[in-house]
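Below is one structure; the comments refer to it alone.
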Amino acid sequence: MAKKIPEIPSASLADIAFMLLIFFLVTTTMDVDSGLERRLPQWVDPEQLEDDQQIKERNVFVVLVNRNNQLLVEGEYAQIDNLRERAKEFMANPTNDESLPEKEPQQIPYFGETMVTKGVISLRNDLDTQYGTYIAVQNELVAAINELRDELARDEFGEPYDELERDKQEAIRDVYPSRISEAEPKKVD
Amino acid sequence: MSKFKDTGKKEIPPISTASLPDIVFMLLFFFMVSTTMREVTYMVDITLPEATELSKLEKKSLVSYIYVGEPLKQYQSTFGVAPRIQLNDQFANVSDIQDYVIAEREARDEAERPMMITSLKVDENTKMGIVSDIKQELRKSAALHINYSSRQKVER
């Protein structure tokens, strides 16, 4: 008669699994990395840099941050709290104000001929500005453009911007381009 | 009438542990799926700034990290308290960034290289001077897609 093969003891299986579990608890992290996504401009050799790109005064929204983390928006002191509103007003220019940026007509799918702003937001900081303040300002500027896009998406398509199809998102991006220029830092007094 | 009569002392049966491995394995798989491996050991102290307009870093394999902050206590005697750059597992200088970016790029598949993102994990009390230097180096090495790592702001 054939001998019965004895069963493999499974009492230690739990211990082995616990060991693996603890290993993974220790070596891994839970947090999902997230942050402000930006694109840097191409590197240009400083010697080749020509100052022929003349942009009209009314088309630039100047934000300066000094070493004491104070804000100077369009030549006057400002608070971070109302920066978003002002940036939105600048980029949208709903009343075609003379002091706010010009618009030029462009052919955009879904919208037809639309007036697109020529405005540029220029952010300049001091070498001693705190990184936290810089991110807060960037965040407000990005938020302003995101809010404008979202409002347009709701008006035009009845859906929030994030849920639109890719080509509709692209059309909206053409209407409200994200033009935040980060100039090289200078001493700002 | 002995049907309902308690016949002698009954022992409480021990709780079966046969399902214990299954339960633990379930936990194990949960943690394996929902967490990610630590990339490096931090040698600098980083408190990320807060922001609201966040986008997630979807593909971990395409991200390379640059850490900036004050060195931790145990390194302060050698490296001082001024904010330093950490690349991989060691302190680095601004001039090392170009080499680092090239090395990271070489490690990736050619098809994936255009989609690479550099994540800047910078302490919120760092001065912008060092961050600007890093940005200039990244521009020189054509790593233009960056992500300023930050925490979700809690609305009050």
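Let me know the charge dipole size of the protein assembly as shown about its Cα centre in debye, to the nearest 20, where only the beta-carbon of Lys, Arg (+1) and Asp, Glu (-1) is charged.
The dipole of the protein assembly as shown has a size of about 1960 debye.
With the cut-off at 1.5 for a/c, could you classify the protein assembly as shown from its C-alpha gyration tensor as rounded, prolate or oblate?
prolate
Can you grab the distance from the C-alpha centre of region A:65-96 to the C-alpha centre of region B:47-107, Å, no decimals?
About 31 Å separates the Cα centre of region A:65-96 from the one of region B:47-107.
Once you place label points 7 Å from the Cα toward the Cβ at residue A:39 and residue A:173, how far apart are they in nm?
The answer from the label model is 0.7 nm.
Please compute the average number of Cβ atoms from other chains found within 10 Å of each residue's Cβ in peptide B:29-36.
Going residue by residue through B:29-36 and averaging, the value is 4.
Once label points are set 7 Å from the Cα along Cα→Cβ at both residue B:19 and residue A:78, what is their separation, rounded to one decimal in nm?
6.2 nm
Can you tell me the order of A:3-10, A:62-69 when each peptide is scored by its average per-residue count of other Cβ atoms within 10 angstrom, highest first?
Going by the mean number of other Cβ atoms within 10 Å, highest first, we get A:62-69, A:3-10.
Pull out a ≥ b ≥ c, the square roots of the eigenvalues of the alpha-carbon gyration tensor of chain B, then state rounded if a/c is under 1.5, prolate if not and a/b is larger than b/c, and oblate in the remaining case.
Prolate, since a/c reaches 1.5 and a/b exceeds b/c.
Other chains' Cβ within 10 Å of A:122-135 residues: what's the mean?
For peptide A:122-135, the averaged partner shielding equals 6.
Output the 0 to 90 degree angle, nearest 10, between the alpha-carbon long axis of helix A:13-27 and the longest principal axis computed from the alpha carbons of chain A.
Relative to chain A, helix A:13-27 is tipped by roughly 20 degrees.
In degrees, nearest 10, range 0 to 90: what is the angle between the Cα axis of helix B:20-34 and the longest Cα principal axis of chain B?
20 degrees
Placing +1 at every Lys and Arg Cβ and -1 at every Asp and Glu Cβ, with all other atoms neutral, what dipole size does region A:43-180 have around its Cα centre, in debye to the nearest 20?
220 debye
Within a 10 angstrom radius of the beta carbon, how do A:13, A:36 rank from fewest other beta carbons to most?
A:13, A:36
Going by average Cβ neighbours within 10 Å, how do the peptides B:109-122, B:139-152, A:72-85 rank, with the highest at the top?
Going by the mean number of other Cβ atoms within 10 Å, highest first, we get B:139-152, B:109-122, A:72-85.
Compute the signed sum of charges (Lys and Arg +1, Asp and Glu -1) over the other residues within less than 9 Å, Cβ to Cβ, of residue B:98.
Local net charge: -2.
Can you give the average number of partner chain beta-carbon atoms within 10 Å of each beta-carbon in peptide B:89-96, as a whole number?
That average works out to 0.
Relative to the longest principal axis of the C-alpha atoms of chain B, give the angle of the C-alpha long axis of helix B:128-140, reported between 0 and 90° and rounded to the nearest 10°.
80 degrees
As I understand it, the dipole of the protein assembly as shown uses +1 on the Cβ of Lys and Arg and -1 on the Cβ of Asp and Glu, about the Cα centre. Which of A:95, A:105, A:183 lies farthest toward its positive end?
The listed residue farthest towards the positive side: A:183.
Quick check on chain A: take the gyration tensor over C-alpha atoms, sort the square-rooted eigenvalues as a ≥ b ≥ c, and tell me if it's rounded (a/c under 1.5), prolate or oblate.
prolate
Mind scanning B:60/B:121; B:59/B:121; A:56/B:135 and naming the pairs with a C-alpha gap bigger than 20 Å?
Too far apart for the 20 Å limit: A:56/B:135.
Determine the calculated [θ] at 222 nm for chain B from helices alone, applying -39500 (n - 2.57) to every DSSP H run no shorter than 4 residues and normalising by the residue count; nearest 500 deg cm²/dmol.
Dividing the helical sum by the residues of chain B leaves -8500 deg cm²/dmol.
Values in this text are rule-based calculations from the coordinates and carry no lab data. Computed from a prediction, not measured in an experiment: that's the story for all the values here. Positions of Cβ are generated from backbone atoms using ideal geometry, with glycine treated the same way; all protein chains shown enter the neighbour counts.
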